[in-house]
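The values are calculated or read from the model by the stated rules, or taken from the named source; none is laboratory data. Note that this is a predicted model, so its numbers are computed, not measured. Cβ sites come from the backbone with ideal geometry, for glycine too, and all protein chains shown count toward neighbours. Surface accessibility is based on the protein's heavy atoms, side chains included, excluding ligands, DNA and RNA. Shrake-Rupley method; radii C 1.70, N 1.55, O 1.52, S 1.80 Å.
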Amino acid sequence: MTQLQQYIDYSQEVKQAKDNNQPIVALESTIISHGMPYPQNVEMANKVEQLIRDNGAVPATIAIIDGKIKIGLEKDQLETLATSDNVAKVSRRDLAEVIPTTQIGATTVATTMICAELAGIQFFVTGGIGGVHKGAEHTMDISADLDELAKTEVTVICAGAKSILDLPKTMEYLETKGVPVIGYQTDELPAFFTRESGVKLISSAQSPEEIAKVHQTKHDLELGGGMVIANPIPHEHALSKDYIESIIDDAVEEAESKGIKGKDSTPFLLGKIVEKTEGKSLAANIKLVENNAILGAKIAVAFNHM
Ligand code: PSU
Ligand code: MN
């Protein structure tokens, strides 16, 4: 066993999938512990896993439990992540500190990418990525997700990013770092709750097969780093832009006045948005993750068939 493998623990389902060379899709756990309230969080997690199976791939939700990187969680582990109020939000910076403790850790997009790559998983589904925060010119608050996308070779399927972030600056940062952002059947960056953001994309893809080919080509060229597939929320679940923007603006203002910063910023904003929309944002959030799970599974299957 290499030094590295001693830290990794596969679920039976994922282990079998690896042995049989089946397509696997990684899922993050911060969205469960810090992104949504209970019990919707665990319902979402189970549903999303099932959607990935129904579409021909094997789900691997990733978290830190008992000092190990768990690749694939059992039902009771998902429940613990969803209910415990003592779960650490683990980004790249925190990973080596949390593993030697008994603390349960939820992996962010950045850390899920790291762990997926260690486990040989190339596709990862989530809701939204972190990015450059509004006011970053003063706070320097830029999610570690962006630098991870620059260096870790995992394709992330998401619904763009919430406008708690500065989306144009987030796109500039990704361009500087050489990270492709491909719209799925759209030429505009989706803004999570809405299909539009006003930010045009350079590239779009029409099918999972097309995305699988770009993923393979990027690998063959040894370019390194990941890729963002931006999949707009389905029309019927999208929220009105004016409605959600005004709520987000209020939440950002409240975070500022309360001095919320660092790793607490994103969870605070996500919680406030759920509260202020009385659950409307939560319902949309769940629908868009489900939509991403279906696309992610199809991409992983298409890649497997190449
Ligand atoms: N954006 C969402 N929902 C989330 C997150 C972001 O709409 O759950 C989580 C993800 O785990 C993401 C993390 O990686 O927040 C980013 O946190 P930060 O901004 O502190 O890097
Ligand atoms: Mn931050």
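In whole percent, and with a 1.4 Å probe on the protein chains, what portion of the accessible area of the range 30-129 is carbon and sulfur? Working shown, then result.
Numbers: 1790 of 3680 Å².
Summing carbon and sulfur atoms, their accessible area is 49 percent of the total for the range 30-129.
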- [ ] Using the structure shown, list the pairs from Lys15/Lys272; Lys47/Lys272; Lys89/Lys258 with a Cα-Cα distance above 30 Å, or answer none.
- [x] Lys15/Lys272
Open item on the list: Could you work out the pair-distance distribution P(r) of the range 113-159 from its alpha-carbon pairs, with 10 angstrom bin width and percents rounded to whole numbers?
Closed with: 26, 47, 21, 5
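As a test of the definition: which semi-axes, in Å, follow for the range 177-306 when you take the square root of five times each eigenvalue of its alpha carbon gyration tensor? Largest first, please.
Working: eigenvalues 194, 60, 36 Å².
Semi-axis lengths for the range 177-306 are 31, 17, 13 Å.
Could you calculate the FRET efficiency of Thr101 with Glu43 from 1/(1 + (r/R0)^6), where r is the beta carbon distance between them and R0 is 22 Å, rounded to 0.05?
Details: r = 29 Å, r/R0 = 1.31.
Efficiency computed from Cβ-Cβ geometry: 0.15.
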- [ ] Quick one: compute a quarter of the convex hull surface over the Cα atoms of the range 202-250 and quote it in nm².
- [x] 5.5
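Multiply the residue gap between Ala283 and Gln206 by 0.36 nm, knock off their C-alpha separation, and tell me the result in nm, one decimal place.
Details: separation 77, 0.36 × 77 = 27.72 nm, distance 2.64 nm.
That works out to 25.1 nm of additional length.
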Open item on the list: Run lengths n ≥ 4 of DSSP H only: what is the helix-derived mean residue ellipticity at 222 nm for the chain, with -39500 (n - 2.57) per run over all residues, to the nearest 500?
Closed with: -14000 deg cm²/dmol
TODO: With no solvent and one equal point scatterer placed on each C-alpha of the chain, evaluate the Debye formula and give log10 I(q)/I(0) for q = 0.08, 0.13, 0.15 Å⁻¹, two decimals.
DONE: -0.30, -0.86, -1.19
Open item on the list: Quick check for you: which residues of the range 142-183 have the amide N under 17 Å from the point 7 Å beyond the Cα of His219 toward its beta carbon?
Closed with: 151-157, 180
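Highest first, please rank the peptides 98-108, 296-306 by the mean number of other Cβ atoms sitting within 10 Å of their residues. Mind showing how you got there, number by number?
Details: 98-108: 19.7, 296-306: 21.3.
Packing proxy ranking, top to bottom: 296-306, 98-108.
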Open item on the list: How many angstrom lie between the Cα centre of the range 133-177 and the Cα centre of the range 38-107?
Closed with: 23
Open item on the list: Kirkwood hydrodynamic radius, the range 157-197, all distinct C-alpha pairs: what's the number in Å?
Closed with: 10.5
TODO: Read phi for every residue in the range 94-105 and hand back ³J(HN,Hα) as whole Hz from Karplus 6.51 cos²θ - 1.76 cosθ + 1.60, θ = phi - 60°, with x for Gly and Pro.
DONE: 8, 4, 6, 7, 7, 4, x, 9, 9, 6, 7, x
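Using just the Cα positions, wrap the range 240-306 in a convex hull and report its mean projected area in square nanometres, one decimal place.
Numbers: hull surface 24.3 nm².
Projected area, direction-averaged: 6.1 nm².
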Open item on the list: Less than 15 Å apart at the alpha-carbon level, and either on another chain or at least 8 residues along: which aspartates and glutamates does that give for Lys287?
Closed with: Glu43, Glu49, Glu236
Task: Paramagnetic reach from Asp250 (point 7 Å along Cα→Cβ, amide N under 12 Å) across the range 257-287 - done: 272-279
Task: aspartates and glutamates whose Cα lies under 17 Å from that of Lys218, excluding same-chain neighbours fewer than 8 positions away - done: Glu117, Glu148, Glu153, Glu175, Glu209, Glu210
- [ ] With 10 Å bins from zero, work out the P(r) of the range 26-180 over every alpha carbon pair and list the percent per bin.
- [x] 11, 41, 35, 12, 0
